[in-house]
Amino acid sequence: MYDFRPDPALPKPELYRQLHGAVAALTDGEPDAVANMANVAALMWAFVPDLNWAGFYRVANREGGGRELVLGPFAGRPACIRIPFGTGVCGAAAASGATQLVPDVHAFPGHIACDAASRSELVVPIARDGKVVAVIDLDSPTPARFDSEDAAGIEALAALLAGRL
Ligand code: SME
């Protein structure tokens, strides 16, 4: 049994340091990408307060050519399955390779509302050999929930996971 009991009152850098340690330990030596994403989604859900969705979209080849994002393991409500590159917050992160920190999802052009409760969002690409292979998506019901410390914490996870997916 894995019993992680993070203290939500911890300062963010310490909370993300502990999350990173838990992810490093649980994915160590495990080559199965789905298993690793499933455990990391559960860990993000447990460690990061005030979320209504936490999970992954993977880059996949689209029937007929091109690439798109396909839903991966997550915690939260059932979500949109396929997202075109360049569409919504996740598609913008995948197309640009850059973290998307969105304080107000209603102000983001093309935002895809999988859960009407979402008010702010953080999406971090995971890149391997210079190519985006997946994105980490966190949604919150609180406006402007995420800041640069959240982005830095999730970017560190993305760097760790690049070799483990
Ligand atoms: N809001 C995202 C879609 C994914 S759900 O939030 C889980 C977007 O605009 O890309």
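The values are calculated or read from the model by the stated rules, or taken from the named source; none is laboratory data. Since this is a predicted model, take the numbers as computed values, not measurements. Positions of Cβ are generated from backbone atoms using ideal geometry, with glycine treated the same way; all protein chains shown enter the neighbour counts. Accessible surface areas use protein heavy atoms only, side chains included; no ligands, DNA or RNA. Shrake-Rupley method; radii C 1.70, N 1.55, O 1.52, S 1.80 Å.
The table for this structure:
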| read-out | value |
| --- | --- |
| Check on ALA54, surrounded by 14 or more Cβ atoms within 10 Å (Cβ to Cβ) and closer than 17 Å to ALA156 by Cα | yes |
| Enumeration of residues in segment 81-95 that are on the phi < 0 side of the Ramachandran plot and either in contact with a Leu (Cβ under 7 Å, 6 or more places away or on another chain) or surrounded by fewer than 21 Cβ atoms within 10 Å (Cβ to Cβ) (or both) | ILE81, ARG82, ILE83, PRO84, PHE85, THR87, CYS90, GLY91, ALA94, ALA95 |
| Lone unmet requirement of (1) near the ligand (Cβ under 8 Å from one of its atoms); (2) modelled with pLDDT of 95 or more; (3) open to solvent by less than 50 Å² (accessible area, probe 1.4 Å) for PHE108 | (2) |
| Filtered residue count, segment 133-165, keeping only those that are open to solvent by 40 Å² or more (accessible area, probe 1.4 Å) and not hydrophobic (A, V, I, L, M, F, W, C) | 9 |
| In segment 50-78, the residues that are more than 13 Å from the ligand (Cβ to nearest atom), more than 17 Å from ARG164 (Cβ to Cβ) and at pLDDT 95 or above | ASP50, ALA60 |
